[in-house]
Amino acid sequence: VLFSSFFIAVNPMSYYQFHLFFCCNQRADHSSCCANAGAAAVQTYAKDRISELELKGRGKVRISKSGCMGRCGEGPVLVVYPDETWYTFIDKDDIDEIIAEHLQNGRVVERLKI
């Protein structure tokens, strides 16, 4: 038991229950990328919404920006760790659904999964 408690303390993924990374990459040539689809504004919305719902912080949820995740054709994209679940989204309603279903109720949003 002591060993497993130690492992959890040093395992960086265990610090948050969920860590969401939003691709906010902007390509220099302005070709298809998540930034062109408004990803930064939606990422900010998600951060604010997580705070409003008091889901932010240690043992809860962290929202971060990411550089290119290499899935530009499916974007905008975000990934939920440690669940390794990739989503695309269009707007704040999609983010609200991901928060309510995946983060709060443990159900993958199949229609947004990529």
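The values are calculated or read from the model by the stated rules, or taken from the named source; none is laboratory data. Quick caveat, the model's predicted, so the values are computed rather than measured. No Cβ is skipped: glycine too gets one built from the backbone with ideal geometry, and neighbour counts run over all protein chains shown. Accessible surface areas use protein heavy atoms only, side chains included; no ligands, DNA or RNA. Shrake-Rupley method; radii C 1.70, N 1.55, O 1.52, S 1.80 Å.
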>> Is it the case, given these coordinates, that CYS33 is at pLDDT 95 or above, of a type outside the set (S, T, N, Q), in contact with a helix residue (DSSP H, G or I) (Cβ under 7 Å, 6 or more places away or on another chain) and open to solvent by less than 90 Å² (accessible area, probe 1.4 Å)?
In response: no
>> Given the options LYS92, LYS113, name the one that is in contact with a strand residue (DSSP E or B) (Cβ under 8 Å, 6 or more places away or on another chain) and either modelled with pLDDT of 95 or more or of a type outside the set (Phe, Trp, Tyr) (or both).
In response: LYS113
>> So, in the range 41-84, how many residues would count as being free of Cβ contacts under 8 Å to residues at least 24 places away in the same chain, assigned to a helix (DSSP H, G or I), more than 12 Å from PHE21 (Cα to Cα) and open to solvent by less than 80 Å² (accessible area, probe 1.4 Å)?
In response: 2
> Do the conditions hold for ILE99, that is, is it more than 30 Å from ALA28 (Cα to Cα), open to solvent by less than 20 Å² (accessible area, probe 1.4 Å) and not acidic (Asp, Glu)?
Replying inline: yes
